[in-house]
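Trainee: Please read through the structure below; I'll follow up with questions.
The values are calculated or read from the model by the stated rules, or taken from the named source; none is laboratory data. As the structure is a prediction and not an experimental result, all values here were calculated from the model. Heads up, the Cβs are rebuilt from the backbone with ideal geometry, glycines too, and the neighbour counts pull from every protein chain shown. With ligands, DNA and RNA removed, areas are computed over all heavy atoms of the protein, side chains included. Shrake-Rupley method; radii C 1.70, N 1.55, O 1.52, S 1.80 Å.
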Amino acid sequence: MPTTALTHPVRVLAAPGHRHDEILTPAALEFIGRLAEAFEPRRRTLLKERRRQVLRLASGSPLDFPRVTAAVRNDPTWRVAPPAPGLTDRRVEITGPPDRRMAVDALNSGATVWMADFEDATAPTWDNIVGGQLTLLDAIERSIDFTTPDGKDYRLGEELATIMVRPRGWHLDEEHLAYDGRPVPAALVDFGLYLFHCAQRQIDAGYGPYFYLPKLENRYEARLWNDIFVLAQELLGIPRGTIRATVLIETITAAFEMEEILYELREHSAGLNAGRWDYLFSIIKTFGHRTDFLLPDRAKVTMTAPFMRACAELLVRTCHRRGAHAIGGMAAQVPGKDPITNEAAFAKVRLDKEREAEDGFDGSWVAHPGLVPVCREVFDSVLADRPHQLDRTRDDVEVTAADLLSVRRISGPPTPEGLRTNIIVALRYFAAWLRGQGAVAIDGLMEDAATAEIARVQVWQWLRHRVVDRETVLRMLDDETAALGAEYPYAPVDEIRALFERNALAGELPLFFTPDACARHLVRRAEGAA
């Protein structure tokens with residue numbers, strides 16, 4: 001670390017918590033401060049550019065593959081770095097929040113990778129954020145074993161999944177840390193604390209610090225991450241290229257810059273992942289004002305929809321052409337106690353994973369340890385002893401801008417059941433989020449912030465284009481708010497309903513619900529402390 005003092009120290013604005021001093025050390029905070037000092041101005045500029053892009057597309061500017069980067073796409077010679085240790089075989093990846101129970105279950109699950117998710121699966125209370133860092137530190141140190149009050153033991157086995165960490169997106173701030181009078185970007189907090197405490201430990205164990213990067217919208221945001229990686233490695237004395245990152249293609253604008261994103265991150269790249277719900281969420285945010293982008297019920301928009309298949313096939317072709325892994329989307333089913341229901345759920349997962357494996361993906365995501373054997377069996381049948389199928393370059397795939405935007409081919413009116421489901425998912429997820437839970441099982445599916453986003457923006461889109469009437473929405477909202485209050489008598493139902501109304505019923509669509517929810521959560525904490 002440099003010996004020159006920071007212009008401004010990083011200040012912790014939260015009360016001390018159990019073992020927080022192990023994570024929030026002076027040296028770790030200084031490291032976070034140096035990243036904020038170097039890169040926060042660029043982040044603010046890129047967030048402004050996001051807003052300008054929204055206005056350009058809303059005014060009718062076409063979305064297409066960038067002409068200025070044609071040379072990057074047309075150059076057949078460049079490739080990303082070869083797979084890092086522990087990331088050669090990624091046939092099954094499990095995701096979930098970095099709490100202790102999830103960590104033990106995920107690491108022992110038989111998956112090849114565990115993505116510890118500080119983003120969509122974590123409600124960003126300060127205890128969750130710092131506690132998640134402690135979970136990762138203890139997992140790497142193999143000191144995470146514990147016993148629940150009812151006597152159930154959680155112990156790490158011998159064969160563990162490789163850890164990857166997903167920090168929060170560029171649009172979020174961490175209000176509990178301040179630098180130069182501003183909140184520190186949440187992405188830098190999640191990335192920086194893990195890297196500072198765990199990078200060398202992972203290197204010593206034969207692996208490295210690996211990440212998933214969410215919600216990138218263009219090559220400039222990928223370049224920002226790459227520059228952060230370069231400086232962070234220099235500050236910590238880690239060889240350049242040790243950090244590896246997989247980028248989630250979960251925005252419509254990023255789908256048009258897959259090659260450019262890989263190029264910007266090429267010495268640190270670990271491939272691309274095909275997002276699902278965030279991708280649909282992005283399409284509505286970007287084109288929700290247009291009737292030709294009106295989507296039917298969420299359950300009807302599967303990965304077999306033409307525009308979703310175009311994105312998936314382009315992702316495989318792009319990745320394999322550049323020597324990068326292509327990772328498939330989430331299977332969100334949660335096995336229950338009913339064997340008949342489970343059989344139907346497993347059949348859906350199997351069909352989904354078979355399509356991905358046949359398309360050339362090198363692995364895929366599941367949300368529950370019970371789905372790991374299903375996903376593994378499918379990819380084992382295709383890969384056998386091979387760690388991946390990078391040799392399948394999919395030269396047969398040709399995807400145009402029109403293919404990526406061909407939403408009208410699956411458009412249709414929403415059903416009353418689809419409308420009610422979206423209201424239920426949004427309300428119940430908001431309720432869970434406000435009580436500190438970022439991943440919650442609802443009707444057999446693991447819902448997170450991404451699915452709550454698509455639920456609330458679908459309601460907004462249907463209201464905007466008058467395919468549902470406001471009276472029907474309000475009547476269903478009354479019903480489901482009352483049902484929520486009856487099930488959880490202490491839930492702040494008025495606040496939950498108000499959060500839904502602000503983010504689903506407003507004239508202008510808020511870009512994300514999470515900043516609003518974070519602000520309300522902080523207000524509630526302050527009121528409780530008072």
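Trainee: Once amide H atoms are built 1.01 Å from N in the peptide plane, which residues 5 or more positions from residue 173, or in another chain, come under 5 Å H to H?
Mentor: Residues meeting the amide H criterion: 186.
Trainee: Assuming R0 = 56 Å, can you tell me the calculated FRET efficiency for the pair residue 77 and residue 337, based on Cβ-Cβ distance, to the nearest 0.05?
Mentor: 0.55
Trainee: Roughly how large, in nm² to one decimal, is the mean projection of the convex hull of the alpha-carbon atoms in region 104-165?
Mentor: With the hull built on Cα positions only, its mean projection is 4.7 nm².
Trainee: Oh, and also: Which residues in region 392-426 have a backbone N closer than 16 Å to a point placed 7 Å from the Cα of residue 467 along the Cα-to-Cβ line?
Mentor: Only 406-423 pass the distance filter.
Trainee: Go through region 65-73 residue by residue and turn each phi into a ³J(HN,Hα) via Karplus (6.51, -1.76, 1.60, θ = phi - 60°); whole Hz please, and just put x for glycine and proline.
Mentor: Values, residue by residue: 5, x, 5, 5, 10, 4, 5, 5, 5 Hz.
Trainee: Say R0 is 22 Å: what FRET efficiency, to the nearest 0.05, do residue 508 and residue 44 get from their beta-carbon distance?
Mentor: That pair, residue 508 with residue 44, gives E of 0.55.
Trainee: Using a 1.4 Å probe, what is the accessible area per residue for the chain, in Å²?
Mentor: Per residue, the chain has 40 Å² of solvent-accessible surface.
Trainee: Same structure, new question: Between residue 501 and residue 299, with labels modelled 7 Å along Cα→Cβ, what's the label distance in nm to one decimal, could you check?
Mentor: My value for the distance between the label points is 2.9 nm.
Trainee: Whole-Hz Karplus ³J(HN,Hα) for region 445-454, in order, using 6.51 cos²θ - 1.76 cosθ + 1.60 and θ = phi - 60°, x for Gly and Pro?
Mentor: Running phi through 6.51 cos²θ - 1.76 cosθ + 1.60 with θ = phi - 60° gives 10, 7, 9, 9, 4, 5, 6, 5, 5, 5 Hz.
Trainee: Rounded, prolate or oblate for region 161-317? Axes are the square roots of the Cα gyration tensor eigenvalues, ordered a ≥ b ≥ c, and the cut-off for rounded is a/c under 1.5.
Mentor: Since a/c reaches 1.5 and a/b is larger than b/c, the shape of region 161-317 is classed as prolate.
Trainee: Next up: Test of understanding: what is the full-extension gain from residue 344 to residue 384, defined as 0.36 nm times their sequence separation minus their Cα-Cα distance?
Mentor: Details: separation 40, 0.36 × 40 = 14.40 nm, distance 2.59 nm.
Value of the extension gain: 11.8 nm.
Trainee: Further question: Could you work out [θ]222 nm for the chain from helices alone, using -39500 (n - 2.57) per DSSP H run of at least four and dividing by all its residues? Round to the nearest 500 deg cm²/dmol. Present the calculation step by step, with values, prior to reporting the outcome.
Mentor: On the way: 19 runs with 259 residues, N = 530.
Roughly -15500 deg cm²/dmol at 222 nm, from the helical runs in the chain.
Trainee: Follow-up question, since we're still on this one. For region 366-499, state what percent of all Cα-Cα pairs lands in each successive 5 Å bin, counting from 0 Å until the bin that includes the largest distance.
Mentor: 2, 8, 14, 15, 13, 11, 12, 10, 7, 5, 3, 0
Trainee: So, one more: Mind ordering 447-455, 491-499, 41-49 by average Cβ neighbours within 10 Å, highest first?
Mentor: Listed from highest to lowest mean packing, they are 447-455, 491-499, 41-49.
Trainee: Next up: Over its Cα atoms, what ratio of radius of gyration to 2.2 N^0.38 Å does region 403-474 give?
Mentor: Computed over Cα atoms of region 403-474, the ratio equals 1.22.
Trainee: Could you run the Karplus curve 6.51 cos²θ - 1.76 cosθ + 1.60 with θ = phi - 60° over region 137-142 and give me ³J(HN,Hα) per residue in whole Hz, x for Gly and Pro?
Mentor: 3J(HN,Hα) across region 137-142, in whole Hz: 4, 5, 5, 5, 7, 6.
Trainee: What is the spin-label model distance, in nm, from residue 240 to residue 435 if the labels are put 7 Å beyond Cα along the C-beta direction?
Mentor: 5.1 nm
Trainee: Let me ask something additional. How compact is region 251-345 by the rule of thumb for globular proteins, expressed as Cα Rg over 2.2 N^0.38 Å?
Mentor: Rg over 2.2 N^0.38 Å, computed on Cα atoms: 1.29.
Trainee: Where does each of 504-516, 156-168 land if you order them by average Cβ count within 10 Å, highest first?
Mentor: Details: 504-516: 15.8, 156-168: 19.7.
Highest to lowest by the protection proxy: 156-168, 504-516.
Trainee: How many angstrom lie between the Cα centre of region 71-138 and the Cα centre of region 410-463?
Mentor: Region 71-138 and region 410-463 have Cα centres separated by 25 Å.
Trainee: What net charge is computed for the residues neighbouring residue 231, neighbours being all others with C-beta under 11 Å from the C-beta of residue 231, Lys and Arg scored +1, Asp and Glu -1?
Mentor: Numbers: positive: 34, 240; negative: 37, 227, 234.
Net of charged neighbours comes to -1.
Trainee: Run the simple label-point estimate for residue 1 and residue 402 please: 7 Å along Cα→C-beta, distance reported in nm.
Mentor: In this crude spin-label approximation the distance works out to 5.7 nm.
Trainee: Among 335, 5, 433, flag the residue with its Cα farthest along the positive direction of the charge dipole of the chain, charges on Cβ as +1 for Lys/Arg and -1 for Asp/Glu.
Mentor: Value: 5.
Trainee: I've got another one for you. Given 202, 248, 109, which one lies farthest toward the positive end of the charge dipole of the chain, if we put +1 on the Cβ of every Lys and Arg and -1 on the Cβ of every Asp and Glu?
Mentor: My answer, from the dipole projection, is 248.
Trainee: Find the centroid of the Cα atoms in region 330-386 and in region 287-325, then give the distance between the two in whole Å.
Mentor: Going from one Cα centre to the other spans 20 Å.
Trainee: Using unit Cβ charges (K, R positive; D, E negative) and no other charged atoms, how large, in debye to the nearest 20, is the dipole of region 455-514 about its Cα centre?
Mentor: Numbers: 7 positive and 10 negative charges, 63 e Å.
Here region 455-514 has a charge dipole of around 300 debye.
Trainee: Let me ask something else about it. Expected output is a single nm value to one decimal: the length gained when fully extending between residue 12 and residue 483, i.e. 0.36 nm times separation in residues minus the C-alpha distance. What is it?
Mentor: 165.6 nm
Trainee: Between beta-carbons, use under 14 Å as the cut-off and find the net charge around residue 53, counting Lys and Arg +1, Asp and Glu -1.
Mentor: On the way: positive: 48, 50, 51, 52, 56, 215, 219, 285; negative: 49, 64, 217, 221, 257.
Computed value for this residue: +3.
Trainee: May I ask you to order 280-287, 398-405 by the average number of other C-beta atoms within 10 Å around their residues, highest value first?
Mentor: Averaged packing, sorted descending, gives the order 280-287, 398-405.
Trainee: Now, a different point. Quick one: Debye curve from the C-alpha atoms of region 126-197, no solvent, what's log10 I(q)/I(0) at q = 0.12, 0.16, 0.17, 0.28 Å⁻¹?
Mentor: -0.44, -0.68, -0.74, -1.32
Trainee: Sticking with this one: Can you give me the % of accessible surface on the chain that is carbon or sulfur? Probe 1.4 Å, all protein chains present, nothing else counted.
Mentor: 53 percent
Trainee: Oh, and also: R0 = 41 Å: FRET efficiency of residue 54 with residue 153, Cβ-based, nearest 0.05? Kindly include the intermediate steps, with their values, before the conclusion.
Mentor: On the way: r = 50 Å, r/R0 = 1.23.
E(calc), rounded to 0.05, equals 0.25.
Trainee: How would region 319-425 be classified by its alpha-carbon gyration tensor: rounded, prolate or oblate, with rounded meaning a/c under 1.5 and the a/b versus b/c comparison settling the rest?
Mentor: In terms of gyration-tensor shape, oblate.
Trainee: A follow-up question, please. Could you compute how fast region 9-154 diffuses translationally, taking Rh as the Kirkwood radius over C-alpha pairs and applying Stokes-Einstein at 25 °C with viscosity 0.890 mPa s? Give it in µm² per second.
Mentor: Rounded, D is 124 µm²/s.
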